[in-house]
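To start, I am sharing the structure in question, which I have written as structure tokens.
The values are calculated or read from the model by the stated rules, or taken from the named source; none is laboratory data. Keep in mind that what you see is a predicted model, and the values were worked out from it rather than measured. So basically every Cβ, Gly included, is an ideal-geometry build from the backbone, and we count neighbours across all protein chains shown.
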Amino acid sequence: MIGQQISLEYLLPLVLEHLQKDPLSEGAFYPGDLLVVTLRAGDQFWQQHSDLRDEVAKIRERAFSLLATLDEIDMQTTHDALTEAYDLFKKSGIQTVR
């Protein structure tokens with residue numbers, strides 16, 4: 001549902017609680033995929049929820065520090081996915097003037 005941006009205001013606080021405990025939580029694909037989909041929640045959501053935005057940024061830092069605990073293939077897959085998702089996430093914090 002997060003990937004489809006459904007009920008984010010209800011789901012993401014719950015997901016962030018889970019990610020606090022295990023930043024590399026695995027949904028169905030690879031370690032950290034729950035964090036990746038969370039980082040991709042969308043510009044509008046993150047601009048409206050700066051408190052959660054700060055929290056997910058800290059969780060992302062913890063996730064990167066845990067990458068060395070993964071096997072080589074999972075480490076590379078997770079690193080690449082987190083890097084790409086975080087780059088998009090960082091852009092979501094930029095307010096555009098219209």
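Could you tell me how many of the residues in region 48-89 are exposed (fewer than 15 other Cβ atoms within 10 Å of the Cβ), among the charged types (D, E, K, R) and under 16 Å from Pro13 (Cα atoms)?
The qualifying residues number 3.
Looking at region 4-19 only, could you name the residues that are over 11 Å from the mean Cα position of the chain (by Cα) and either assigned to a loop (DSSP other than H, G, I, E, B) or touching a residue at least 12 places away in the same chain (Cβ under 8 Å) (or both)?
Answer for region 4-19, where residues must be over 11 Å from the mean Cα position of the chain (by Cα) and either assigned to a loop (DSSP other than H, G, I, E, B) or touching a residue at least 12 places away in the same chain (Cβ under 8 Å) (or both): Gln4, Gln5, Ile6, Ser7, Leu8, Glu9, Pro13, His18.
Listed residues Leu24, Leu67; which is at pLDDT 95 or above and in a loop (DSSP other than H, G, I, E, B)?
Exactly one of Leu24, Leu67 is at pLDDT 95 or above and in a loop (DSSP other than H, G, I, E, B), namely Leu24.
Which of the residues spanning region 1-47 are more than 25 Å from Asp74 (Cβ to Cβ), surrounded by 12 or more Cβ atoms within 10 Å (Cβ to Cβ) and of a type outside the set (A, V, I, L, M)?
Scanning region 1-47 gives Gln5, Pro13, Gly42, Asp43, Phe45, Trp46, Gln47.
Considering each of Asp54, Asp74 in turn, give the residue that is acidic (Asp, Glu), under 13 Å from the mean Cα position of the chain (by Cα) and part of a helix (DSSP H, G or I).
Result: Asp54 is the single residue among Asp54, Asp74 that is acidic (Asp, Glu), under 13 Å from the mean Cα position of the chain (by Cα) and part of a helix (DSSP H, G or I).
Looking at region 15-29, can you tell me whether even one residue there is acidic (Asp, Glu) and touching a strand residue (DSSP E or B) at 6+ places or on another chain (Cβ under 8 Å)?
Among the residues of region 15-29, not one is acidic (Asp, Glu) and touching a strand residue (DSSP E or B) at 6+ places or on another chain (Cβ under 8 Å), which makes the answer no.
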